[in-house]
Amino acid sequence: MSFEISRQDDVTIIEIAGQLIVGNRQALKDRVIEELEDGARKFLVDFEETGYIDSSGLGVLVSLSKKIREKGGELRLANLNEDLRTLFELTKLDTLFQVADSREQALREL
Amino acid sequence: MSDPSSDRVALVVTGRREVGSAVAAALEPAGYRTRIASRFDHLDLHADRRPLLVVTDLSLRPSPSDWSRLERQFPDSVLWALVDRGRTSDESLLSTVKQGCQDFVVYPIDRDELHGKLHRLDRWCHSGGSSPALDPYLTTEVRLDVPSDASLIEHVVRHVASQCRDFRAYAPRTLVNLRIALSEALSNAMIYGNRQEADRRVQIHAHVDASQIEVQVVDEGPGFELEEIPDPTRPDALESPGGRGLFLLHKLADDVRFNECGNSVTLVFRSERDTG
């Protein structure tokens, strides 16, 4: 997995390429928390190039969303492919996260 | 879960978002669903979808090893290159043909021209293409013995999934389920079973044929008592960062079997063709 962090206006965009699993979730978590501590409050995770996520990857997203909310921020997810969508539905995490069809839609809503 | 394999899938390898979106929009009326990869890493994830067409943007300057990776990952796909109108030299086009590209998409896209090419591609696919005739007679075994190093998980999953991809009997969704579930089983074995002690080993044995994929993961830990799996989708559990691993194994695999002491798990994925 590799991830890229960029900014568009006041939104921090995290693009995850590859898979988000137990072996690499910590790097993502640390990086997002760093951004949060530096004052970022609006986050968008773009899954356009994400292959799959395991339970610990889901766990990281859940705990980040909680941390961001605690700081008064907001996290949105965009571009979930059909496999990821199924995974979020299976675990009912689609009810916990704000999921947008595209990055543009998520940016409009943030 | 529905099987989307009847749809045509195209993969566009480009670092330019706007180009990826333009190609996807132009391919859509011809019945293609497009996936986009911005680099040559992680191509194997898209290979599970068995794209009919793989379009590589020459502005990424693919090296000969990138081209051979494309050929290796997509042995049954048609490779095209994407070139910018007026910006690509004859020499670079010629070298692309030598690397196995059959045709070009010119950007900005002329839709009539593109659809003409897609029409010829259709005719070509109907006239030939590879045959899954040997599938029923093929068996693949994979045996791996690895230390408890979580950074190896993605490599093990990639290796096992690539062996299964050779069988046409498995829908892309089954391969994704396999990847997630195997990744879960391996992390359980390394982290909970072997307590991340690197010298404790994890053994993986996969047996794949046209009817089912069976993968056994064995760790050197004491095992665990399998009680009832708590439901992580309960409202009060939804915000918990953990507790989804075993639940996902049972949701994603067709069958999950633990041995008596709990240090060995066997995951079974059946071919959709077999179960009708």
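Of all the numbered requirements in (1) surrounded by 16 or more Cβ atoms within 10 Å (Cβ to Cβ); (2) modelled with pLDDT of 95 or more; (3) not hydroxyl-bearing (Ser, Thr, Tyr), B:Gln203 misses one, and that requirement is (1).
How about segment B:224-245: which of its residues are without any contact (Cβ under 8 Å) to a residue 24 or more places away in the chain and either among the charged types (D, E, K, R) or outside any loop (DSSP other than H, G, I, E, B) (or both)?
Going residue by residue through segment B:224-245, those that are without any contact (Cβ under 8 Å) to a residue 24 or more places away in the chain are B:227-244.
Answer for segment B:224-245, where residues must be without any contact (Cβ under 8 Å) to a residue 24 or more places away in the chain and either among the charged types (D, E, K, R) or outside any loop (DSSP other than H, G, I, E, B) (or both): B:Glu227, B:Glu228, B:Asp231, B:Arg234, B:Asp236, B:Glu239, B:Arg244.
Here segment B:210-222 is the region considered, the condition is being part of a loop (DSSP other than H, G, I, E, B) and at pLDDT 95 or above, and the residue that is nearest to the chain's Cα centre (by Cα) is B:Asp219.
Given the criterion hydroxyl-bearing (Ser, Thr, Tyr), part of a loop (DSSP other than H, G, I, E, B) and away from every other protein chain (no Cβ under 14 Å), identify the matching residue among B:Thr88, B:Thr96, B:Thr56. Break it down stepwise before answering.
Working: B:Thr96 fails: part of a loop (DSSP other than H, G, I, E, B); B:Thr56 fails: part of a loop (DSSP other than H, G, I, E, B).
Exactly one residue qualifies, and that residue is B:Thr88.
Residue-level check: of (1) within 13 Å of chain A (Cβ to nearest Cβ); (2) surrounded by fewer than 18 Cβ atoms within 10 Å (Cβ to Cβ); (3) at pLDDT 90 or above; (4) under 22 Å from the mean Cα position of the chain (by Cα), B:Ala185 misses just (2). If we scan segment B:6-18, do we find a residue that is out of contact with any helix residue (DSSP H, G or I) (no Cβ under 9 Å at 6 or more places or on another chain), surrounded by 14 or more Cβ atoms within 10 Å (Cβ to Cβ), in contact (Cβ under 8 Å) with a residue 40 or more places away in the chain and within 14 Å of another protein chain (Cβ to nearest Cβ)? No, segment B:6-18 contains no residue that is out of contact with any helix residue (DSSP H, G or I) (no Cβ under 9 Å at 6 or more places or on another chain), surrounded by 14 or more Cβ atoms within 10 Å (Cβ to Cβ), in contact (Cβ under 8 Å) with a residue 40 or more places away in the chain and within 14 Å of another protein chain (Cβ to nearest Cβ). What's the total number of residues in segment B:257-276 that are assigned to a strand (DSSP E or B), under 22 Å from the mean Cα position of the chain (by Cα) and more than 14 Å from chain A (Cβ to nearest Cβ)? So the count comes out to 4.
The values are calculated or read from the model by the stated rules, or taken from the named source; none is laboratory data. Everything numeric here is computed off the predicted structure, so don't read it as measured data. Every residue, glycine as well, gets a Cβ built from its backbone with ideal geometry; the counts of neighbours run over all protein chains shown.
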